[in-house]
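Okay, so here's the structure we're looking at.
Derivation of every value follows stated rules applied to the coordinates shown; laboratory data play no part. Every value quoted in this text rests on a predicted model; they were computed, and no experiment measured them. Backbone-built Cβ (ideal geometry, glycine too); neighbour counts: all protein chains shown.
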Amino acid sequence: MFSKILIANRGEIALRVLRACREMGIRTVAVHSTADADAMHVRLADEAVCIGPPAARDSYLNVAAILAAATITGAEAIHPGYGFLSENADFAETVEAHGLAFIGPTAEHIRTMGDKISAKTTMQALGVPLVPGSDGELKSLDEARKVAEEIGYPVLIKAAAGGGGRGMKVARTAADIEEAWSVARTESLAAFGNDAVYLEKYLDRPRHIELQILADAHGKVVHFGERDCSLQRRHQKLVEEAGSPALSAEARDEIGAIATDALTKLGYRNAGTLEFLYQDGQFCFIEMNTRLQVEHPVTELLCGVDLVREQIRVAAGEPLGYEQKDITFSGHAIECRINAEDPETFIPSPGTITVFHPPGGPGVRMDSAIYTGYRVPPFYDSMVAKLIVHAPTRDMAIDRMRRALDEIVVEGVKTVIPLHQRIMNDPGFRKGDYTIHWLEQFMSRG
Ligand code: MV4
């Protein structure tokens, strides 16, 4: 096992990784920008190194500074958290070239999944169901037309380098295809420096269901069930649940078996998430994330697992030590992301937190790096906390979340807590039959 890990991240996830390290007896190195000198992960780490000015590109994305910090402190491994360098194949490669372990998959697997076309081609060859669409990259507008006619409108043109919905255009009819093709390519080139695009049948009312995978370096792969992340706005997730209110235990077992089989054949190592669109009882793979995700705590509560600990163990070459049948799913978990934002416009609201009082009691978990007097810097993501609850049933989890949202106090900055309260009080949410469009419709209803 590693004796010292450098955590190349900030905020709640840096603290989350630090906590796992502490419990494992692993020393920690925090890195931070000048804007984060007073951050909790910096205070709690065994050592801390300032790696640059506030802008992420000069600090949390500064590979040379991070590697220098790892070298001078004698860290043996780097945990990238999520965002920043977590899915940067060149970074993973550089880390390994310096004789350090990257707590993640191989650079090759990051690269394969980073390109959405090669991710789909790879998964299809391994037996994972996809959305009907083009066989890889679209080479011409003519090909786009041909494939769209074959599978039927509406269709979506997507960027190979995409994600987060950028470079994605719907063509409702044949009259829209030329525009969709050129706009998707132009946007994609501008955003990612890559104009490769592909085409899919447009699903009009899917849920976003993702499957949590864990794979060791010895060919063992297990899954920890699904998360339903359909409640999002402009590709920003707001509420996540485990399990999905839409999925039976049989459907979970079936997609779990397909996914673990695929990743076993791939030789994958690390935690990972397969993202699916789920509509009319069908799973359609769209993307794979090769990192730990923001919403991993709902899975941890559902399965009673510490995914960060497991991620560190497999990166150190330790075997999983349990089988799929040993993994159990108990009750229901819900996460509300608490962003320092206006609850109606989602405009960021940085500033000083004058009062912070976390909720407590049975089944309540608060993952956050804020404290009373903390200044939320304007330079980074506005998520300041994750409130996660676990209860025997989904109804009880909603009741528990309502109770926890009444207890929590965050003053001095605007937060989305009032929006979460409205969602948790809504009979439609309680019914659970929502799609990816539910939140935007809910908010426009007022
Ligand atoms: C889709 C889709 C409908 N049909 N693909 C959006 C971001 C990217 N990761 C995949 N996305 C979508 N792909 C087909 N064939 C609808 C979306 C989509 C979406 C997906 C998941 C979660 C939220 C979403 C919000 C809008 C659109």
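Put a dot 7 Å past the Cα of R172, heading toward its Cβ, do the same for A190, and the two dots end up 2.3 nm apart. Our coupling estimate for segment 93-110, obtained by passing each phi through the Karplus curve with A = 6.51, B = -1.76, C = 1.60 and θ = phi - 60°, is 5, 5, 4, 5, 5, 8, x, 9, 8, 8, 7, x, x, 5, 4, 4, 5, 4 Hz, Gly and Pro reported as x. For the pair E318 and A125, label points projected 7 Å from Cα toward Cβ lie 3.4 nm apart.
Counted without the sites themselves, the longest stretch of the chain free of trypsin sites (Lys or Arg not before Pro) in a DSSP loop having at most 14 other beta carbon atoms within 10 Å is 235-446. Name the most mobile residue of T260, T345, T94, meaning the one with the largest mean-square fluctuation, in a Gaussian network model of the chain with Cα contacts below 10 Å. Result: T345 has the largest fluctuation of those listed.
With Cα atoms defining each centre, segment 152-190 and segment 63-137 are spaced 26 Å apart in the structure.
Close amide-amide hydrogen proximity is noted between I286 and E275, F276, L277, each under 5 Å apart and 5 or more residues distant or on a separate chain (H modeled in the peptide plane; Pro and chain starts excluded).
Applying Stokes-Einstein at 4 °C and 1.567 mPa s to the Kirkwood radius of segment 1-114, computed over alpha-carbon pairs, gives a translational diffusion coefficient of 94 µm² s⁻¹. Dipole check for segment 88-162: with +1 at the C-beta of Lys and Arg, -1 at the C-beta of Asp and Glu, and the Cα centre as origin, the magnitude is about 220 Debye. Proximity of backbone amide H atoms, modeled 1.01 Å from N, is registered between G225 and Q212 at under 5 Å, excluding neighbours fewer than 5 places apart on the same chain. Spin-label model, E344/H218: points 7 Å from Cα along the beta carbon direction are separated by 5.8 nm.
Given the rule -39500 (n - 2.57) for each run of at least 4 DSSP H residues, summed and divided by the residues of the chain, what is its mean residue ellipticity at 222 nm, to the nearest 500 deg cm²/dmol? Taken over the chain, the calculation gives -10000 deg cm²/dmol.
About its Cα centre, the dipole of segment 107-233 is roughly 300 debye, where the only charges are +1 on Lys and Arg Cβ and -1 on Asp and Glu Cβ.
Bridging of K120 to lysines at a Cα separation below 30 Å is possible for K139, K146, K158, K169, K201, K220, K237, K265, K325, once same-chain residues fewer than 8 apart are set aside. Just going by the charge dipole of the chain, with Lys and Arg at +1 and Asp and Glu at -1 on Cβ, which of A161, Y268, M1 is farthest out on the positive end? After comparing all options, I get M1. Residue-wise HN-Hα couplings along segment 234-246, as the Karplus relation 6.51 cos²θ - 1.76 cosθ + 1.60 with θ = phi - 60° gives them from phi, are 6, 6, 9, 5, 10, 10, 10, 10, 9, x, 6, x, 9 Hz; Gly and Pro carry x. Could you please report the charge total around P377, scoring K, R as +1 and D, E as -1 over all other residues with beta-carbon less than 11 angstrom from its beta-carbon? Around P377, the charge tally is -1.
Rounded to whole numbers, the Karplus 3J(HN,Hα) couplings from phi for segment 50-65 are 7, 10, x, x, x, 3, 4, 5, 9, 10, 5, 10, 8, 4, 4, 5 Hz, using 6.51 cos²θ - 1.76 cosθ + 1.60 with θ = phi - 60°, and x at Gly and Pro. Pull out a ≥ b ≥ c, the square roots of the eigenvalues of the alpha-carbon gyration tensor of segment 299-426, then state rounded if a/c is under 1.5, prolate if not and a/b is larger than b/c, and oblate in the remaining case. The shape class here is oblate. Compared with the alpha-carbon gap, the fully stretched path from N425 to E23 is longer by 141.0 nm at 0.36 nm per residue.
Quote the charge dipole size of the chain about the Cα centre in Debye, to the nearest 20; the model charges only the Cβ of Lys and Arg (+1) and of Asp and Glu (-1). Write out the running numbers ahead of the final one.
Working: 47 positive and 61 negative charges, 138 e Å.
Roughly 660 debye for the chain.
Out of the GluC sites (Glu not before Pro) in segment 294-335, which ones are loop residues according to DSSP with at most 14 other C-beta atoms within 10 Å? Passing sites in segment 294-335 are E323.
Across V183, V364, V376, mean-square fluctuation computed from a Gaussian network of the chain (C-alpha pairs under 10 Å connected) peaks at V183. A full extension of the chain between E150 and H357 corresponds to an added length of 68.8 nm, given 0.36 nm per residue minus the alpha carbon distance.
For the chain, divide the Cα radius of gyration by the Kirkwood radius and give the resulting Rg/Rh value with two decimals. My calculation of the ratio gives 0.95. Backbone amide hydrogens, once placed in the peptide plane, bring R233 within less than 5 Å of L238, excluding anything fewer than 5 places away on its chain.
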